[in-house]
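Chemist: Mind having a look at this structure? Questions to follow.
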Amino acid sequence: MGLSDLLNKNAGTTSINAGTTSIVSIDVAKSLAYCFEENSLKVLSLQKANKDATNIVSVKLKDIQNTHVQSILNGEDLQKDIVVQTRKNLSLDDEAEYIVKSRMIGENSYESYALNYEVLSEGLQDVISELRYIDKIIPDPFLFEGLYEAKVLNADETHCFLFLDDDDAFLALYNNGKFGFTRGFSMYSLTNLCEQYKNNTGADIELRDFLNLLKNEGVNGAFFSVLDDMAFYISDIFNSTASQANADISKVFIGSSIGAIPGLANLINQKLYIETIDFDFNKKFEAGDLDPSCMNTIRYYYAKYILDDSLNFTAFYRPPAFLKRDGGQFLAVVAIACVLGLVTPIYELGLALYYFGINSFEESKLQDIKKELARFEPIYKSIKEQVDNQNKQINELEVSIATSKRLLDESQDKKFNYRSKAEFLSDISALISDVKVKTTHINFKNNEANIHLISDDDNKITALIEKIDKSSKFRVTTERISAQNTDSALFESNITVGFIK
């Protein structure tokens, strides 16, 4: 298994606490640890840095090789395919180990980056010997995304970052708060600027002295021609970068490892015609020894706010917690088994004695209950016999009451119905006689009577119905009045008369 495969496999084992308030940015060149906690900052030696804090280191663009790859695979197969294509495209040494990371730039299209593991480990040897683990190793051009997540910069704008390091220089473009692409121009690193200055002036000057003069004098005198050449070169690559971005660049931020160079932002502004501003990202923190390059603060924002580790080149992961490791889990299981092996027999003996005691106690209680039941059994039988006798008497009374009720209801019904029917027949007969209508039959049902009427004049039947309807004693309904047949002069009708009690 190659190193890149091993790194992909272990990518999730680091104990990075994204969003933590304790973050250490490591300045490798100075062997210093910038320890950030909320709004405070302490600059310590590596030996005194908090080993448990999330730490971050950046690597220079010149140490990274990149290429474009295409792949339709997924998961682990995708990562392996990207590694294979990257090594092939960049003609990487088969004997050398590389850390390969990638980001998607289109459908099935990826920008892949390769970092030589030996170069990385040699450059970080002092850091590793002191801290042992490095949580995040991020190439410089990718760090600026944290500024947008922290709301230090407006993510709705397109920005370009220029940075001059001692032995590197790069341009990085961000659109809507996301990394677009980067371009290196290490020929104008501070070291190379020093060499050009010596060639132009014939002066024999050390790099340290050159940087001190440059920081104090800026774009003046003999420095102007050196920086002006660089500004023209930046203008050329900037124009091609802007066209690739396909967006209007609203601001350019420029910084260097020695801090702001007086007049350089204005010089770049004159060449690009875009507002150019010196790096000034330390405002949140108050410390006399703040890093003038602002890069440690920028690394802090990245470590605090960026959760995506797809471009994290670290090969020095923290081990997972003891119980999350395979060996730790094995030892924990062995320890538990040993404890259980000793405890189980004692536990089982104690449990047996416990249940034996409970059984004896429950048996004694059962005997006492049986004695109580034997004492109460005669009383129960006597009370049950009394209850049965009372229930029998109640049943007899209920039968007697039901019989009496039925007789009373029949008597009441006869008394009422006979009287009502008689009254009904008397009253209805008087009405029928008045209008000289004949009846064939009268059928009683409940409080109504169905009467079949016959008359030689249908008006008589109608008059009878109206009389009945006007009476306060009756209510009447009829379906129709019709002739008996075509040969007869008689009319008939069925009416229903209800009498009101």
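The values are calculated or read from the model by the stated rules, or taken from the named source; none is laboratory data. This one's a predicted model, so the numbers in the text were calculated from it and none came from an experiment. Note: ideal-geometry Cβ built from the backbone for every residue, glycine included; neighbour counts use all protein chains shown. What goes into the accessible areas is simple: the full protein's heavy atoms, side chains included, and nothing from ligands, DNA or RNA. Shrake-Rupley method; radii C 1.70, N 1.55, O 1.52, S 1.80 Å.
Chemist: In region 18-40, which residues are modelled with pLDDT of 90 or more and among the hydrophobic types (A, V, I, L, M, F, W, C)?
Modeler: Passing the criteria: I23, V24, I26, V28, A29, L32, A33, C35, F36.
Chemist: Only residues that are in a loop (DSSP other than H, G, I, E, B), at pLDDT 95 or above and among the charged types (D, E, K, R): list them for region 120-143, please.
Modeler: D135
Chemist: Which of the residues that make up region 35-53 are open to solvent by less than 70 Å² (accessible area, probe 1.4 Å), touching a residue at least 60 places away in the same chain (Cβ under 8 Å) and either in contact with a Gly (Cβ under 8 Å, 6 or more places away or on another chain) or farther than 22 Å from K283 by Cβ (or both)?
Modeler: L46, A49
Chemist: Let me ask you something else. Mind listing whichever residues of region 273-301 are touching a helix residue (DSSP H, G or I) at 6+ places or on another chain (Cβ under 6 Å) and not β-branched (V, I, T)?
Modeler: Scanning region 273-301 gives D278, F281, N282, Y301.
Chemist: Also, I was wondering about something else. Looking only at region 187-209, how many residues end up being of a type in the set (A, V, I, L, M, F, W, C) and open to solvent by 70 Å² or more (accessible area, probe 1.4 Å)?
Modeler: Result for region 187-209: 1.
Chemist: Would you mind telling me which numbered condition in (1) surrounded by 20 or more Cβ atoms within 10 Å (Cβ to Cβ); (2) touching a strand residue (DSSP E or B) at 6+ places or on another chain (Cβ under 7 Å) D165 fails?
Modeler: Status for D165: all satisfied but (2).
Chemist: When you scan region 365-379, do you find a residue that is over 19 Å from T496 (Cβ atoms) and within 60 Å of the chain's Cα centre (by Cα), even just one?
Modeler: For region 365-379, residues over 19 Å from T496 (Cβ atoms) and within 60 Å of the chain's Cα centre (by Cα): present.
Chemist: Next up: Report yes if D204 is among the charged types (D, E, K, R), part of a helix (DSSP H, G or I) and more than 24 Å from I298 (Cβ to Cβ), otherwise no.
Modeler: Judged against the criteria, D204 is not a match.
Chemist: Could you check region 449-461 and list, in sequence order, the residues that are closer than 10 Å to I495 by Cα and open to solvent by 50 Å² or more (accessible area, probe 1.4 Å)?
Modeler: N450
Chemist: Looking only at region 263-272, count every residue that is in contact with a helix residue (DSSP H, G or I) (Cβ under 7 Å, 6 or more places away or on another chain) and either of a type outside the set (A, V, I, L, M, F, W, C) or at pLDDT 95 or above (or both) and tell me the total.
Modeler: The total comes to 4.
Chemist: Does any residue in region 134-153 that is more than 15 Å from V57 (Cα to Cα) come within less than 9 Å, Cβ to Cβ, of a residue that is of a type in the set (A, V, I, L, M, F, W, C) and not in a loop (DSSP other than H, G, I, E, B) six or more places away or on a different chain, and which pairs are these?
Modeler: So the pair list comes out as E145/F179; L147/I298; L153/L147; L153/F253.
Chemist: Name, by its number, the condition in (1) at positive phi; (2) surrounded by 14 or more Cβ atoms within 10 Å (Cβ to Cβ); (3) out of contact with any helix residue (DSSP H, G or I) (no Cβ under 7 Å at 6 or more places or on another chain) that does not hold for N176.
Modeler: Status for N176: all satisfied but (2).
Chemist: Here's a follow-up. Given the residues L431, L464, which is the only one that is part of a helix (DSSP H, G or I), at pLDDT 80 or above, open to solvent by less than 60 Å² (accessible area, probe 1.4 Å) and out of contact with any Asp or Glu (no Cβ under 6 Å at 6 or more places or on another chain)?
Modeler: L464
Chemist: Restricting to region 136-168, name every residue that is out of contact with any Phe, Trp or Tyr (no Cβ under 8 Å at 6 or more places or on another chain) and closer than 26 Å to I99 by Cα.
Modeler: Within region 136-168, D165, D166, D167, D168 qualify.
Chemist: For region 210-220, enumerate the residues that are open to solvent by 70 Å² or more (accessible area, probe 1.4 Å) and of a type outside the set (K, R).
Modeler: Matches in region 210-220: N212, N216, E217, N220.
Chemist: Right, here's the next one. Report, by residue number, each residue of region 295-327 that is modelled with pLDDT under 90 and under 27 Å from the mean Cα position of the chain (by Cα).
Modeler: Residues satisfying the conditions are P320, A321, K324.
Chemist: Given G180, G146, which one is of a type in the set (G, A, S), part of a helix (DSSP H, G or I) and closer than 23 Å to F313 by Cα?
Modeler: G146
Chemist: Here's another thing I want to ask about it. Got a number for residues in region 91-112 being in a loop (DSSP other than H, G, I, E, B) and open to solvent by less than 40 Å² (accessible area, probe 1.4 Å)?
Modeler: Qualifying residue count for the region: 2.
Chemist: Right, next: Just checking: which of the strands (runs of 3 or more DSSP E) contained wholly in region 29-76 hold 1 or more residues that are closer than 26 Å to G184 by Cβ and touching an Asp or Glu at 6+ places or on another chain (Cβ under 9 Å)?
Modeler: Fully inside region 29-76 and qualifying: 32-37, 54-59, 64-70.
Chemist: Give the residues of region 261-271 that are open to solvent by 20 Å² or more (accessible area, probe 1.4 Å) and free of Cβ contacts under 8 Å to residues at least 40 places away in the same chain, sorted by residue number.
Modeler: N269, Q270
Chemist: Does region 393-413 contain at least one residue that is basic (K, R), under 29 Å from I500 (Cα atoms) and at pLDDT below 75?
Modeler: No - not one qualifying residue is present in region 393-413.
Chemist: Only one of N282, N216 is over 26 Å from S25 (Cα atoms) and without any contact (Cβ under 8 Å) to a residue 60 or more places away in the chain; which?
Modeler: N216
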